[in-house]
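The values are calculated or read from the model by the stated rules, or taken from the named source; none is laboratory data. Quick caveat, the model's predicted, so the values are computed rather than measured. Cβ atoms come from the backbone with ideal geometry, glycine included; neighbour counts cover every protein chain shown.
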Amino acid sequence: MKQKSNIEMNKKIYLASRSPRRAEILSQLGLGFEVLPADIDESVLAMELPDAYVLRLAKEKALACLSYVEEKVLPMLPILAADTTVALHDEASNTWRILGKPEHEQDAAAMLKSMSGQTHYVHTAVALVTKPLLSTPAIFSLLSSTQVEFADLSDAQISAYVASAEPMDKAGAYGIQGLASTFIKRIHGSYSGVMGLPIFETSQLLQQAGIDLL
């Protein structure tokens with residue numbers, strides 16, 4: 001039986017997310033990981049901007065996962081967490097509307113209708129927590145922001161997409177890698193960030209933890 005090299009042994013982390021899309025991206029990068037819970041209150045604070053919101057949640061998820069690791073006395077590994085939100089600017093009031101995961105089909109349809117023919121932002125924050133033996137935790141974070149332009153959507157298109165059930169577990173009620181890709185005229189930024197885990201920013205954080213993906 002072939003023994004794993006030290007490099008392979010070091011390429012393992014905890015993923016503080018149950019997102020299958022984030023797990024898929026990490027697997028494609030050849031990174032070993034174990035999914036652990038990171039349940040937090042995801043309510044938006046008063047006057048909180050979308051980018052600050054996702055950065056706060058990503059850090060809180062990573063720290064919640066660290067508490068779980070310590071409580072269960074698990075081996076200490078770097079902890080990666082991420083949070084994604086869709087933000088739509090209301091020019092009339094000069095405010096941002098944060099679009100999280102839809103609560104029901106009507107909510108999903110309303111979100112999609114509000115984005116029809118508009119440009120919105122997808123913010124994904126990534127946070128990494130490390131805790132060397134007998135040291136205080138160190139937390140690092142980066143933000144990926146991408147502009148996404150939707151085509152004009154008909155009521156029939158929205159109804160058919162909602163009926164597919166694809167929108168129901170996704171921020172902004174759509175997935176760029178699925179059927180909604182036909183709605184997108186163009187993006188400016190990170191495709192993987194819109195999926196939920198920006199590869200460039202993630203690799204930068206992993207390097208800070210001594211994990212080089214190449």
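Tabulated data
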{"item": "Test result for Tyr174, more than 30 Å from Ile79 (Cβ to Cβ), touching a residue at least 12 places away in the same chain (Cβ under 8 Å) and either buried (at least 18 other Cβ atoms within 10 Å of the Cβ) or of a type in the set (A, V, I, L, M) (or both)", "result": "no"}
{"item": "Checklist (1) at pLDDT below 90; (2) touching a His at 6+ places or on another chain (Cβ under 8 Å); (3) of a type outside the set (D, E, K, R) applied to Met9, failing item", "result": "(2)"}
{"item": "Of all residues in the range 183-193 being surrounded by fewer than 24 Cβ atoms within 10 Å (Cβ to Cβ) and not polar (S, T, N, Q), the one that is nearest to the chain's Cα centre (by Cα)", "result": "Tyr191"}
{"item": "Residue satisfying all of: in the range 141-156; surrounded by 18 or more Cβ atoms within 10 Å (Cβ to Cβ) and touching a strand residue (DSSP E or B) at 6+ places or on another chain (Cβ under 6 Å); farthest from Asp83 (Cα to Cα) among these", "result": "Val148"}
{"item": "Only listed residue being out of contact with any Ser or Thr (no Cβ under 6 Å at 6 or more places or on another chain) and over 23 Å from His89 (Cβ atoms), chosen from Ser164, Ser145", "result": "Ser164"}
{"item": "Residues that are of a type in the set (A, V, I, L, M), in a helix (DSSP H, G or I) and in contact with a Gly (Cβ under 8 Å, 6 or more places away or on another chain), drawn from the range 135-183", "result": "Ala171"}
{"item": "One residue from Arg21, Arg97 being under 15 Å from the mean Cα position of the chain (by Cα) and within 25 Å of Ser145 (Cα to Cα)", "result": "Arg21"}
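Here's the yes/no breakdown for (1) among the aliphatic types (A, V, I, L, M); (2) buried (at least 18 other Cβ atoms within 10 Å of the Cβ); (3) farther than 26 Å from Tyr191 by Cβ:
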residue	(1), (2), (3)
Ala46	yes, no, yes
Val54	yes, yes, no
Glu70	no, no, yes
Val73	yes, no, yes
Arg97	no, no, no
Leu112	yes, yes, no
